[in-house]
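The values are calculated or read from the model by the stated rules, or taken from the named source; none is laboratory data. Remember, it's a predicted structure, so these values are computed and weren't measured experimentally. Here the Cβ is made from the backbone with ideal geometry for all residues, glycine too, and neighbour counts use every protein chain on show. Quick note on the areas: whole protein, heavy atoms, side chains included, nothing else; ligands and nucleic acids left out. Shrake-Rupley method; radii C 1.70, N 1.55, O 1.52, S 1.80 Å.
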Amino acid sequence: MLVGTALAAAPAAGAVASGVTATGSADATVVPSGPGMELPTASFTQMTVDEASRRVWIAGDRVYPDGSRDGELLGVLYGGAGPAFASAHLAAPLSGVAVEPDGSKVYAGQSDHIAGYSHINGSLSPLDPIAAPPDACGRELVHTGGRLFFTSRPAADPGGCTDGRGTVGVAATGEGGTAGTVMYSGARTHLEAGPGGLLAIAPEKSSPTDDPDLGIYRVTDEADGNLLDFLGERRFAEDGTGEGMDFRDADFAADGSVLAVADGTRGTVLLDGRDARFLDNHYAPLPAGVAATAVAFSPDGKWFAQGGAASGDTADLTLAFADPSIERQPLRISFEDEAAGHRVVPRGMEFSGDGEQLFVVTSNEDGSKFWLHTIYTRQALAPSRLVDVTHGPAVAGGPFRVSGRLDLDGLAPTQAPRITVQRLNGLEVSDLPPVPVADDGTFVLEDVLPDRAGNVQYVLGYAGDEVHYLSEYWLVVDTVEAPDPVTRTGR
């Protein structure tokens, strides 16, 4: 099980529902992260979430006390069945990781091939290696459109990876999809997969004056002989002035309509996922002076996260609604602890498929230690409360009345609120009809108490909505016997 990051929801800001009581708004506050789970690796290259098997796969190198090094493929369980960790040791350096959509196969990048493993319930079994050109600069792997894509780049000299020519390749499939090179690049290249077979290819900036060209493609069935259908391209300094793209990370929105790019200079840049044109960015940015390192949309379409490298208690991460029209301050989190790391690493954020958890990899300042955090997105929902709950006389077998108020912070509810009610009488549990909430947030429950005197409990609940977190209130009532009727006798 992952170590959860304990967070308190930040105060909300925005429109208040006219029909429900709400607290005052305030600027978003920054909350410290809890401790993360320290990873055994001494490097981090890439992570991916395997929704089918409920694992977070991370690729990096492990360094041993004697100085020796090997690659480690680590799968951390976050739900479902199986051991908490699945792992495989490979030759160093290890870079890049991808997984089949059904979780049955996991791939990791080696310097002279792509390693493959069959995966069943936490058990990894080696498969035949996948041929790939030599790589000395760190591969990236993505699986999209039913195909496995990977980068390859031999070092032009022992000193670095800024010169020479690299490639983007595709692996063969058992259904007839052939292997080959789909693109050449003069710079180190990054890949990002999207829904419906989308693929973004982004060259890295090789010099201060370089203006890399990001392209968006869609994987085809190769009926016309082309594997990739070109959708659009974008240079960030189109007019030839200013700085070119300084790529750190990218991610597609759940419907593929938006590609968010973490740019080391500009912060978050939004592109249209269909033609790569620039879009207006209405998201609250990272704080001033924080270098963007990672972006992530949740697959359920609800959340958008931005990660960065900040100093002190400045926020390294913001978590907001993916719909920017929802006017709520994002949850802001600071990583500044010896057991939490100090910054979000490039490409270090992914959501679970249901959008309920955000996985974040952080590192210390020199990048020699890494931590995995699990942030529960419900922490970014606005709080709700059941307050001022009172009741009238509690006479066994008689009518019973409970009143109270629902407070919702910050935002209008997305649907008319109702209070759910359960009555517990010994071992008997009864679901009562939901109670509507009035325009001023008040509600009234009317019931008939059980015939026998004793302890009765009511569980009042608000299930929450798209912007508010659930809440619950337990009411314990001691009922009394009804008084005996008075018998009058004549004289």
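For Q422 and D354 in one chain, what is 0.36 nm times their gap in residues minus the Cα-Cα distance, to one decimal in nm?
Contour length minus the Cα-Cα distance gives 21.7 nm.
When N is the residue count of segment 234-300, what does its C-alpha Rg come to as a fraction of 2.2 N^0.38 Å?
Computed over Cα atoms of segment 234-300, the ratio equals 1.09.
Using only the alpha carbon atoms of segment 70-166, find the Kirkwood hydrodynamic radius as the inverse mean reciprocal pair distance, in angstroms to one decimal.
Taking every pair of different Cα atoms in segment 70-166, averaging 1/r and inverting gives 14.2 Å.
Measuring with a 1.4 Å probe in the full set of protein chains, what accessible area per residue, in whole Å², belongs to segment 204-258?
Per-residue value: 50 Å².
Can you run the Rg to Rh ratio on the chain? Use alpha carbon positions and the Kirkwood inverse-distance Rh.
That ratio is 1.10, to two decimals.
Mind giving me the FRET efficiency for S325 and E481? R0 is 51 Å, r the Cβ-Cβ distance, nearest 0.05 is fine.
Here the calculated transfer efficiency is 0.35.
For the ranges 268-280, 430-442, 300-312, what's the packing order if you count other beta-carbon atoms within 10 Å of each residue, average per peptide, and put the highest first?
Numbers: 268-280: 16.6, 430-442: 14.0, 300-312: 21.6.
Descending packing order for the listed peptides: 300-312, 268-280, 430-442.
Kirkwood Rh over alpha-carbon pairs of segment 153-214, then Stokes-Einstein at 37 °C and 0.692 mPa s: what D in µm² s⁻¹, rounded to an integer?
247 µm²/s
Give the aspartates and glutamates whose C-alpha is closer than 15 Å to that of K105, dropping any in the same chain fewer than 8 places away, or say none.
D50, E51, D128
Give me the 1.4 Å probe accessible area per residue for segment 367-491, excluding ligands and nucleic acids, in Å².
56 Å²
Run the accessible area of segment 267-401 with a 1.4 Å probe and give the carbon-and-sulfur part as a rounded percent.
C and S fraction of accessible area: 48 percent.
Can you tell me the Rg and Dmax of segment 224-349, counting just the alpha carbons, in angstroms?
15.4, 55
Within straight cross-link reach of K205, meaning Cα distance under 30 Å, which lysines are found once same-chain residues fewer than 8 apart are removed?
K369
Could you check how much of the accessible area of segment 29-160 is carbon and sulfur, as a whole percent, using a 1.4 Å probe?
On the way: 2880 of 5140 Å².
Its accessible area is 56 percent carbon and sulfur atoms.
What is the sum of charges, Lys and Arg at +1 and Asp and Glu at -1, for the other residues whose Cβ falls under 13 Å from the Cβ of M349?
Result for the neighbourhood of M349: -2.
Per residue, how much accessible area does segment 288-331 show when a 1.4 Å probe rolls over the protein heavy atoms, in square angstrom?
Per residue, segment 288-331 has an accessible area of 33 Å².
For segment 167-274, run through the GluC sites (Glu not before Pro) and keep only the ones in DSSP coil with at most 14 other Cβ atoms within 10 Å of their Cβ.
On the way: sites: E175, E192, E204, E222, E233, E238, E243; in loops: E175, E204, E222, E238, E243.
The qualifying sites are E175, E222, E238.
Which GluC sites (Glu not before Pro) from segment 384-491 combine a DSSP loop assignment with at most 13 other Cβ atoms within 10 Å?
E466, E481
Taking 10 °C and 1.306 mPa s as the conditions, I'd like the Stokes-Einstein D for segment 158-317 in µm²/s, using the Kirkwood hydrodynamic radius from alpha carbon pairs.
Value of D from the Cα-based Kirkwood radius: 94 µm²/s.
What would the Debye equation give as log₁₀ I(q)/I(0) for segment 340-430 at q = 0.12, 0.21, 0.23, 0.24 Å⁻¹, counting only Cα atoms as equal point scatterers?
Values returned for q = 0.12, 0.21, 0.23, 0.24 Å⁻¹ are -0.69, -1.08, -1.16, -1.20.
Restricting to Cα atoms and excluding each atom paired with itself, what does the Kirkwood estimate give for segment 61-120 in Å? Show your work: numbers first, answer last.
Numbers: mean 1/r = 0.0802 Å⁻¹.
Here the Kirkwood hydrodynamic radius works out to 12.5 Å.
Over all directions, what mean area does the Cα convex hull of segment 287-342 project, stated in square nanometres?
Spelled out: convex hull of the Cα atoms, projected over all directions, averaged, 4.3 nm².
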